[in-house]
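J.: What follows is a structure written as structure tokens; I'll ask about it next.
We did not get these values from a lab; they are worked out from the coordinates using the rules stated. Values in this document were obtained by computation on a predicted structure and should not be read as measured data. With ideal geometry, Cβ positions are generated from the backbone for all residues, glycine too; neighbour counts draw on all protein chains shown.
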Amino acid sequence: MTDQQPAPNPHATADEVQAAFSDTKLAQVLYHDWEAETYDEKWHISFDERCIDYARDRFEAATGGENEKPYGRALELGCGTGFFLLNLLSAGVAETGSVTDLSPGMVKVALRNGEALGHQVDGRVADAETIPYEDDTFDLVVGHAVLHHIPDVEQSLREVLRVLKPGGRFVFAGEPTTIGDFYARWLGRLTWAATTNLTKLPFLADWRRPQAELDESSRAAALEAVVDIHTFDPDEMEAMAARAGAVNVEATTDEFTAAFLGWPVRTFEAAVPPEKLGFGWAGFAFGGWKKLSALDENVLRRVVPRKFFYNLAITGTKPE
Ligand SMILES: C[S@@+](CC[C@H](N)C(=O)[O-])C[C@H]1O[C@@H](n2cnc3c(N)ncnc32)[C@H](O)[C@@H]1O
């Protein structure tokens, strides 16, 4: 990061939080600066085989596995702690990378993670709607779980195509489909209500998190509703990428039954004291998710329309 980069602000004032409810970009910065240092732990993000395989699989599923590897220079938008690009660099998908995010706290953690992994990465604070790089700079632009936070997604895709070299590719994965988001939110709400009410019973008191922590989670969830702006329909997403100027556009989706397990599991984990969940739970959650993902991939994908799956990925290239 250069010296002029904004500093992280992990402790927002009450006034700033109030202002964020009517300013989505301020909300992004406050919310993600606040969670940057604990983000990897919260979302079980790591930079080992498990997440390298996950990132590579998502990338290959989006591109149909036809990659002239490795890409030279890659850019990540909304990098968070670097989950997607750093793991793709470890997988050998690209050689060097630039990590960018609207949140200074996230860029700081992503650069620290990149350095610890020994990758050649630089980074800066950047808004995906006005990407601060020259035209024709990158061979690959990636993002994971970022497009749904950007007010003008089509403008951002135009910017992606501007900074890509002719023939360069973009891959955005981990976006919520409209139908998937609907059932995921209901499953999350029901799990939260069931867990926080059942743990009021005296014999389950050990499983109840302190009220102050539960209140903080509820406040964070309220801000989450401000930062999560869009959900996507695969057909409409393809049309938008084509309007932005991309060719070879293709949307793919994954996780159907896996999302039916994944969202209640994540909500339950947030609602009970972490020390209550040991290795047995982690094995159940990850093992179950893997089995259901295989069922989705090998069986249900053939019969269930793609818009019913939870996760969407979109890829395309810049015309030569
Ligand atoms: C859900 S997090 C995903 C982080 C990371 N890609 C991952 O998968 O773990 C979304 C990230 O997008 C960033 N973001 C939100 N709006 C943005 C924008 N307009 N431009 C760039 N980044 C943005 C947030 O600060 C946050 O770090």
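J.: Using the number of other C-beta atoms within 10 angstrom as an exposure proxy, rank MET237, MET106 with the fewest first.
T.: Taking fewest neighbouring Cβ atoms as first place, the list is MET237, MET106.
J.: Please give the Cα centre distance for segment 66-121 versus segment 19-42, rounded to the nearest Å.
T.: So the separation of the two Cα centres works out to 20 Å.
J.: Oh, and also: Mind checking the dipole of segment 46-159: about its Cα centre, +1 per Lys or Arg Cβ, -1 per Asp or Glu Cβ, Debye to the nearest 20?
T.: Result for segment 46-159 is approximately 420 debye, rounded to the nearest 20.
J.: Could I ask something else about it? Report the extension gain between ALA194 and ASP122 in nm, rounded to one decimal, defined as 0.36 nm multiplied by the number of residues separating them, less their alpha carbon distance.
T.: That works out to 21.5 nm of additional length.
J.: Also: Could you please rank ARG73, ARG112, placing first whichever residue has the fewest other Cβ atoms within 10 Å of its Cβ?
T.: In order of increasing Cβ crowding within 10 Å: ARG112, ARG73.
J.: How big is the dipole moment of the chain about its Cα centre under a simple scheme where the beta carbon of each Lys and Arg is +1, that of each Asp and Glu is -1, and everything else is neutral? Debye, nearest 20, please.
T.: Here the chain has a charge dipole of around 960 debye.
J.: If each DSSP helix of 4+ residues adds -39,500 (n - 2.57) and the sum is divided by the residues in the chain, what number results at 222 nm, nearest 500 deg cm²/dmol?
T.: -15000 deg cm²/dmol
J.: Give the relative contact order (percent, whole number) for segment 177-311; include only Cα pairs under 8 Å separated by 6+ residues.
T.: Across segment 177-311, relative contact order equals 44 percent.
J.: Which value results when the Cα radius of gyration for segment 1-176 is divided by 2.2 N^0.38 Å?
T.: Rounded to two decimals, the normalised Rg is 0.99.
J.: GNM on the chain, C-alpha springs below 10 Å: top fluctuator among PHE84, PHE138, PHE286?
T.: PHE286
J.: Work the Kirkwood hydrodynamic radius out for segment 58-107: mean of 1/r over every pair of different alpha-carbon atoms, inverted, in Å.
T.: 11.3
J.: With a cut-off of 8 Å between alpha carbons and a minimum separation of six or more residues, what is the relative contact order of segment 93-241 in percent?
T.: Relative contact order of segment 93-241: 21 percent.
J.: Using alpha-carbon pairs under 8 Å, 6+ residues apart, how would you state the relative contact order of the chain in percent?
T.: 19
J.: Please report the Cα spread of segment 177-311 along all three principal axes, rounded to whole Å, starting with the longest.
T.: Largest to smallest, the principal-axis extents are 58, 34, 20 Å.
J.: May I pose another question? From the residues GLY245, GLY287, LEU223, which one has its Cα farthest along the dipole of segment 177-311 in the positive direction, the dipole being from +1 and -1 charges on Cβ of Lys/Arg and Asp/Glu about the Cα centre?
T.: Final value for the positive-end residue is GLY287.
J.: Describe numerically, in nm with one decimal, the distance between label points set 7 Å from Cα along Cα→Cβ at THR96 and at GLU37.
T.: 3.2
J.: Within the chain, how many Lys pairs sit with Cα atoms under 26 Å apart, leaving out pairs fewer than 8 places apart on the same chain?
T.: Final tally of qualifying lysine pairs is 16.
J.: Given springs between every Cα pair under 10 Å in a Gaussian network model of the chain, which of GLU275, GLU37, GLU76 has the largest fluctuation?
T.: GLU275
J.: Also, I was wondering about something else. Which value results when the Cα radius of gyration for the chain is divided by 2.2 N^0.38 Å?
T.: For the chain, the normalised Cα radius of gyration is 0.99.
J.: Another one. Quick one: angle between helix 24-35 and the longest Cα principal axis of the chain, in degrees between 0 and 90, rounded to 10, please.
T.: Around 60 degrees separate the two axes.
J.: What dipole magnitude, in Debye to the nearest 20, does segment 79-146 give about its Cα centre under +1 on Lys/Arg Cβ and -1 on Asp/Glu Cβ?
T.: 420
J.: Here is a further query. Would you order ILE314, ILE131 from fewest to most other beta-carbon atoms within 10 Å of each residue's own beta-carbon?
T.: So the ranking, lowest neighbour count to highest, is ILE131, ILE314.
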